[in-house]
Amino acid sequence: MDFKNILISVDSSDNAMRAVDYAGTILANSQGVRVTLLYIERAPNRDRYEDEAAWLNQCRLDHERVFDFLKSARGRLVAAGIPDSAVFERTVLCSAEPSIAQTILDVQQEGGFGTLVVGRRGLTKGEEFLFGSVSNKLVHNAKNCAVWVVQ
Amino acid sequence: MPETVRALVERFKPPVSVRNYGTVFTDTTEFMNIGYGDVIALGGKHYLVMGDESERRFGMEDPKFWVKRCIELECGLYRILKLQFMESFDQHIGPLTITCHRSATKEARILRLVAGDPRFMQGQGIKDSAGNIVRVLERVAGRRLDLNIEDIHSSHQEYFFDVYPDILRRFMAACRAIHHLHQHGETHGDIRRDHLYVDHKTGDYCWIDFDYGYDSVENPFGLDLFGLGNILSFITGKGVHAIQDVDTDALGLAEADCALFFRHRVVNLRKLFPYIPEDLNRVLMHYSAESEVFYETVPELLADLEPCLDNLRRT
């Protein structure tokens, strides 16, 4: 694995942006780094919406939010000193199975990423039981790479 | 009311008088306006409304205006009609607040999945003239598991050795039923001890009410596993044991012995009933405030419970 081949897994949250900023600061003067911003897309739960139109509208809003986030994240990395040509974006669709964490790890393995960066929400124990923690699963299950968890 | 429907009502009307011949509804959107004596016409059948269903907990009745107790006039059988009522609301689990939604689509989908499976309530989703999905449900011929257990008047020790192994065996079969949903990408969504019924004839357990849903999360089955743990604790303890009801000093009970979400509820039941085997108690402790490892899937829970059941059968 190439530790300068860096995968930053993001959603559109403040935690994810903190991870982007941290990576940008640390990597600012590093030579030969490649940074990939990975967004795992999960469609909103169809059962929540009265009809197809309402669901599609939510899908569109989610797309726009992620598009804006990735654009902003790229801008911050470039502003930190990483060449624009060294920043890549990738979106992967994920259903309930496998989990988001597993999908991230699949991308990490397949792309030979030696460093994985992720934000952390700071869940309570109870929240972790009921909802699960992506960062926790990554720390436990990642192989052949360093994992940076940014709080 | 048309003469044909009036004749059906006359044939199958209940032993009490129908105060008047109400309206025949084909559109159930305004479910608050549908009441006693009205008829819902749906999928070629007619359902005489006897009243609204209500949730009975802690001696209180909470009416559910979108759930109608009915008689299917073509056959005279009792039916429950759940009319479409979409809502999102906050559910509180201990200190946590979870936004959940009620979905007729989800329940109708699961009813299709579990058709003919006695581990689940039976019925089907039918669209009314306005496109609302109405779930026409058969009556579960049984009684709530928790009420059955509360009616067992033997000591806990007698219960645990004589009755509990069979209850645990049937509960594990009910867990496998939930796993069946999970394997198909579904969740029950509202696993509570009053949503598990005991079939009068077979004694097997049957799940009801699966219209709750939640947004996707990293552990999609976490809430179901949480519900199963609560029921396991209830059946093992032959009820709920609140920390304020026991001598905490004498028993050496602390907050770590209580449930993660309900800090007054003892889950370290071995401290109350020392004959509960260590391996079974260890399963319960996965739901305690001190646990660092949680069950994420039903097979994980069952893998720990199966040897417990084997051991109990040998004693």
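The values are calculated or read from the model by the stated rules, or taken from the named source; none is laboratory data. Here the structure is a predicted model, which means the values were calculated and not measured. Cβ: placed from backbone, ideal geometry, glycine included. Neighbour counts: every protein chain shown.
Table for the structure above
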quantity: Within the range B:192-223, tally of residues that are within 10 Å of the chain's Cα centre (by Cα) and away from chain A (no Cβ under 12 Å); calculated: 10
quantity: Answer residue from the range A:98-127, given it is over 30 Å from B:THR97 (Cβ atoms) and of a type in the set (S, T, N, Q) and is farthest from the chain's Cα centre (by Cα) among those; calculated: A:GLN109
quantity: Hey, A:PRO83 without any contact (Cβ under 8 Å) to a residue 40 or more places away in the chain and over 26 Å from B:THR187 (Cβ atoms) or not; calculated: yes
quantity: Residue pairs meeting the criteria (Cβ under 8 Å; at least 6 apart or on separate chains; first on the phi > 0 side of the Ramachandran plot, in the range B:234-246; second crowded, with 21+ Cβ neighbours inside 10 Å and not in a loop (DSSP other than H, G, I, E, B)); calculated: B:LYS238/B:PHE160; B:LYS238/B:TYR164
quantity: Matching residues in the range B:1-56 - criterion: being modelled with pLDDT under 80, surrounded by 15 or more Cβ atoms within 10 Å (Cβ to Cβ) and hydroxyl-bearing (Ser, Thr, Tyr); calculated: B:TYR21
quantity: The listed residue being surrounded by 15 or more Cβ atoms within 10 Å (Cβ to Cβ) and either on the phi > 0 side of the Ramachandran plot or within 14 Å of chain A (Cβ to nearest Cβ) (or both), out of B:ILE80, B:ILE93; calculated: B:ILE93
quantity: One residue from B:TYR205, B:TYR197 being assigned by TED's automatic domain parsing to the domain that holds B:PHE234, closer than 25 Å to B:ARG314 by Cα and of a type in the set (Phe, Trp, Tyr); calculated: B:TYR205
quantity: Residues located in the range B:125-141, provided they are closer than 21 Å to B:ILE178 by Cβ and of a type outside the set (Gly, Ala, Ser); calculated: B:ARG135, B:LEU137, B:GLU138, B:VAL140
quantity: Members of the range B:72-95 that are in a loop (DSSP other than H, G, I, E, B), touching a Lys or Arg at 6+ places or on another chain (Cβ under 8 Å) and over 30 Å from B:VAL9 (Cα atoms); calculated: B:MET86, B:GLY94
quantity: Leading residue by the ranking (farthest from the chain's Cα centre (by Cα)) among those in the range B:243-283 that are within 21 Å of B:PRO95 (Cβ to Cβ) and basic (Lys, Arg); calculated: B:ARG263
quantity: Of the criteria (1) surrounded by fewer than 18 Cβ atoms within 10 Å (Cβ to Cβ); (2) away from chain B (no Cβ under 14 Å); (3) in a helix (DSSP H, G or I), which one A:ALA54 fails; calculated: (2)
quantity: Hits in the range B:96-113 - residues which are in a helix (DSSP H, G or I) and either within 11 Å of another protein chain (Cβ to nearest Cβ) or at positive phi (or both); calculated: B:ALA104, B:THR105, B:LYS106, B:GLU107, B:ALA108, B:ARG109, B:ILE110
quantity: Matching residues in the range A:94-116 - criterion: being within 10 Å of chain B (Cβ to nearest Cβ) and over 28 Å from B:ASP215 (Cβ atoms); calculated: none
quantity: So B:SER103, is it in contact (Cβ under 8 Å) with a residue 12 or more places away in the chain, hydroxyl-bearing (Ser, Thr, Tyr) and surrounded by 15 or more Cβ atoms within 10 Å (Cβ to Cβ); calculated: yes
quantity: Pairs, first part of a helix (DSSP H, G or I) in the range B:1-12, second among the hydroxyl-bearing types (Ser, Thr, Tyr) and surrounded by 13 or more Cβ atoms within 10 Å (Cβ to Cβ), C-beta under 6 Å, six or more apart; calculated: B:ARG6/B:TYR21
quantity: Those helices (runs of 4 or more DSSP H) lying entirely in the range B:193-304 with at least 2 residues surrounded by fewer than 17 Cβ atoms within 10 Å (Cβ to Cβ); calculated: B:248-251, B:278-285
quantity: Those residues of the range A:107-133 which are touching a residue at least 40 places away in the same chain (Cβ under 8 Å) and part of a helix (DSSP H, G or I), in sequence order; calculated: A:VAL107, A:GLN108, A:GLY111
quantity: Residue in the range A:30-48 that is loosely packed, with under 13 Cβ neighbours inside 10 Å and either away from chain B (no Cβ under 14 Å) or within 13 Å of the chain's Cα centre (by Cα) (or both) present; calculated: yes
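Residues are listed down the side, and each one gets a yes or a no for (1) farther than 16 Å from B:LEU223 by Cα; (2) outside the structural domain of B:CYS308 (by TED's automatic domain parsing):
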site	(1), (2)
B:GLY131	yes, yes
B:ILE149	yes, no
B:PHE161	yes, no
B:HIS180	no, no
B:ILE191	no, no
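Let's see how each residue does on (1) in contact with a strand residue (DSSP E or B) (Cβ under 7 Å, 6 or more places away or on another chain); (2) under 20 Å from A:ALA19 (Cα atoms):
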residue: A:ILE104; (1), (2): yes, yes
residue: A:VAL118; (1), (2): yes, yes
residue: A:PHE131; (1), (2): no, no
residue: A:ASN136; (1), (2): no, yes
